[in-house]
Amino acid sequence: KSFSESSFYQCFKASWNDLKPDPYLVKGGTFRLRRYAVLKWQKGTLQLVTPEAHFQSKQYNSVYGGINRVFAPITPAVLQSAFLKILIAQTIMLFDAKATVAWRVQCHQFRINASLAEAGQPTPEGIHQDGANYVFIMLLERQGVIGGVSELFDNNKQRIATTVLKKDGDAILLNDKVLWHGVTNIQPAKGAEKGHRDVLVLTFHRL
């Protein structure tokens, strides 16, 4: 079996059916569902940080920056899943192979819905940075939609790469200190009335 067919991945993926509306979308948007949690990784151990608001500087997020946003928490079952723990550990190995640094890990579950009445905006804030050291973005499911092109930009906001995350497990790892990123809108595919795009976003902050 591929990892995407494994039972522990399928249980993890199913949790995206239990996300909650994002109450901070401008202009009354209803297309984004999410959950959020903060973890601390140190010496191979993952710990949940006391629930807290999500804050970004306007320097990085011109639309939603400068305010404390409180989102529905990621459920204990997801946070304790073997899949998430292994994923975080393996990702950290890519940029901290000796595991000598403690990391603050912000975890975001996102579902972006698209319908004939409302396009889905994966990044309604546009081109942005997350104020992290590294950002990991993984696709969980893409169903009945077109669009959703991931774009990377240099510090001069010049586009340097594009890709489309198409299959479960397709992912991007980027250095948030030197790159900006964004994702184009999604719409229902031909013949579909609605669809969605599910992603996990992990931002890694050196402590």
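Coordinate-derived values only; no laboratory data. No experiment lies behind these values; they were computed from the predicted model shown. Every residue, glycine as well, gets a Cβ built from its backbone with ideal geometry; the counts of neighbours run over all protein chains shown.
Points worth noting:
- Remark: segment 160-168, residue by residue, has Karplus-estimated 3J(HN,Hα) of 10, 6, 9, 7, 10, 6, 10, 10, 3 Hz, where x stands for each Gly or Pro and the curve is 6.51 cos²θ - 1.76 cosθ + 1.60 at θ = phi - 60°.
- Positive end of the dipole of the chain (Cβ unit charges, origin at the Cα centre): among 181, 36, 128, the Cα lying farthest that way belongs to 36.
- Placed amide H near residue 165: partners under 5 Å, 5+ positions off or other chain: 150
- Taking the centroid of alpha carbons for each part, segment 180-207 and segment 103-150 are 3 Å apart.
- Most fluctuating residue given options 123, 91, 50, as computed from a GNM of the chain linking Cα atoms under 10 Å: 50
- Length released on extending from residue 69 to residue 43, taking residue separation times 0.36 nm less the Cα-Cα span: 6.4 nm
- 5 angstrom amide H check on residue 29, placed H, neighbours 5+ away: none
- Binned Cα-Cα distance frequencies in segment 88-207 - 5 Å width, integer %: 2, 11, 20, 22, 18, 13, 7, 4, 1, 1, 0
- Per-residue ³J(HN,Hα) for segment 71-80, Karplus 6.51 cos²θ - 1.76 cosθ + 1.60, θ = phi - 60°, Hz, x for Gly and Pro: 10, 4, x, 5, 6, x, 4, 6, 5, 8
- Among 28, 120, 195: highest mean-square fluctuation, GNM of the chain, C-alpha pairs under 10 Å: 28
- For segment 1-41, the equivalent ellipsoid derived from the alpha-carbon gyration tensor has semi-axes of 28, 15, 7 Å in decreasing order.
- q = 0.08, 0.15 Å⁻¹, the chain: log10 I(q)/I(0) [Debye, one scatterer per Cα]: -0.26, -0.99
- In the chain, helical runs assigned H by DSSP with n ≥ 4 each contribute -39500 (n - 2.57); averaged across all residues and rounded to the nearest 500, the mean residue ellipticity at 222 nm is -3500 deg cm²/dmol.
- Each Lys and Arg contributes +1 and each Asp and Glu -1, all at the Cβ; summed about the Cα centre of segment 3-206, the dipole is approximately 240 debye.
- Percent RCO, i.e. relative contact order, over the chain, from Cα pairs under 8 Å lying at least 6 residues apart: 24 percent
- Segment 15-128: mean projected area of Cα convex hull, nm²: 8.2 nm²
- Cα-based reach from residue 40 at 18 Å (exclusive), listing aspartates and glutamates while leaving out same-chain residues under 8 positions away: 52, 96, 130
- Here the 3J(HN,Hα) profile of segment 184-197, calculated from phi with Karplus coefficients 6.51, -1.76 and 1.60 at θ = phi - 60°, is 6, 4, 10, 10, x, 5, 4, x, 9, 8, 7, x, 7, 9 Hz, Gly and Pro shown as x.
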